[in-house]
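Nothing in this text is a laboratory measurement; each read-out follows from the coordinates by a stated rule. The structure displayed is predicted, hence computed values, not measured ones. Neighbour counts run over all protein chains shown; Cβ positions are idealised from the backbone, glycine included.
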Amino acid sequence: MYLDANQIIKKKITFYSNKSNNTNLLDIAYGIDKNFFLGCAVSISSILIFNPNLNFSFHIFTNYLSCDFEKNLKLLSQQYKTNITLYLVDDLSLSKLPTTKNWTIATYFRFIIADYFYQKIDKILYIDADIICIGSLEELFTLPFEENIAYVVT
């Protein structure tokens, strides 16, 4: 089954910052359901707190959107002057795929992310929403991808 990410995304909400220097930017993506709204916000906050001099653009793919989560992301974007984009995913076509208690439909958002950004940007960092940052991500800006299609951590 092939799903076109451009057709599965039913709404896109972008919060822009006033940063003009997007030449040295790291795109970071999350694929979450409503159970990970808080974790995602904490993860983004930790990245921004520990990397105040770096430029990021955050992409959050979700199948549900609450007013509170949207409001908090807008505030986070303004406070740290960073780009955050929400992608509301129509998960009906994904509902036939296998899931478990721990592996929800949101697991498949990773494939949507890869498909959506393919040929749009050179690289993107996918992070699970239960990850916090306690150091610099500067090294990730310069990882060479000549013969590598991915860097992964277990």
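Among 82, 93, 62, whose Cα projects farthest towards the positive end of the dipole of the stretch 1-136, with charges put on the beta-carbon of Lys, Arg (+1) and Asp, Glu (-1)?
So the residue furthest toward the plus end is 82.
Within the stretch 43-61, list the residues whose amide N lies under 17 Å from a label point set 7 Å along Cα→Cβ of residue 122.
55-57
Hey, which aspartates and glutamates would be in cross-link range of residue 12, C-alpha to C-alpha under 20 Å, not counting anything within fewer than 8 residues on its own chain?
4, 27, 33, 68, 70, 90, 91, 115
In degrees between 0 and 90, to the nearest 10, how far off the longest principal axis of the chain does helix 37-50 point, with axes built from Cα atoms?
20 degrees
Past 21 Å, Cα to Cα: identify those pairs from 71/101; 34/101; 34/74; 10/120; 11/34, in the order given.
Checking Cα-Cα distances, 71/101 exceed 21 Å.
Give me the distance in nm between label points sitting 7 Å out from Cα along the Cα-to-Cβ direction at residue 134 and residue 114, one decimal.
It works out to 3.0 nm between the two label points.
Using the Cα centre of the chain as the reference point, and only Cβ charges (+1 on K/R, -1 on D/E), how large is the resulting charge dipole? Debye, rounded to the nearest 20.
540 debye
Please report the net charge: other residues with Cβ closer than 13 Å to the Cβ of residue 43, K and R +1, D and E -1.
Overall, the nearby charge balance is -2.
Which of 56, 50, 145 comes first, and how do the rest follow, when ranked by fewest Cβ neighbours within 10 Å?
145, 50, 56
What list of ³J(HN,Hα) values in whole Hz, one per residue of the stretch 97-112 in order, does the Karplus curve 6.51 cos²θ - 1.76 cosθ + 1.60 (θ = phi - 60°) give from phi, with Gly and Pro shown as x?
Rounded to whole hertz, the list is 7, x, 9, 9, 4, 8, 10, 7, 3, 4, 4, 6, 4, 4, 6, 5.
Arrange the following residues from fewest to most other Cβ atoms within 10 Å of their Cβ: 147, 139.
The fewest-first ordering by Cβ neighbours comes to 147, 139.
To the nearest 500 deg cm²/dmol, what mean residue ellipticity at 222 nm is calculated for the chain from DSSP H runs of n ≥ 4 alone, each contributing -39,500 (n - 2.57), summed and divided by the residues?
Computed ellipticity for the chain at 222 nm equals -8000 deg cm²/dmol.
Pull up all non-local amide H partners of residue 56: gap of 5 or more, or a different chain, and H-to-H distance under 5 Å with H placed in the peptide plane.
Under 5 Å from the amide H of residue 56 lie the amide H atoms of 26, 83, each far enough along the sequence or on another chain.
Which shape class, rounded, prolate or oblate, goes with the stretch 26-154 when its Cα gyration tensor gives a ≥ b ≥ c as root eigenvalues, a/c under 1.5 marks rounded, and past that a/b bigger than b/c marks prolate?
It is oblate, given that a/c is not under 1.5 and a/b is not larger than b/c.
Just to verify a number: FRET efficiency for residue 50 and residue 74, C-beta to C-beta distance, R0 = 22 Å, to 0.05?
My answer for the efficiency is 0.50.
Ranked by Cβ crowding within 10 angstrom, fewest neighbours first, how are 133, 40 ordered?
The fewest-first ordering by Cβ neighbours comes to 133, 40.
Using only the alpha-carbon atoms, how far is helix 67-80 inclined from the longest principal axis of the chain? Give it as 0 to 90 degrees, nearest 10.
Here the helix axis deviates by roughly 20 degrees.
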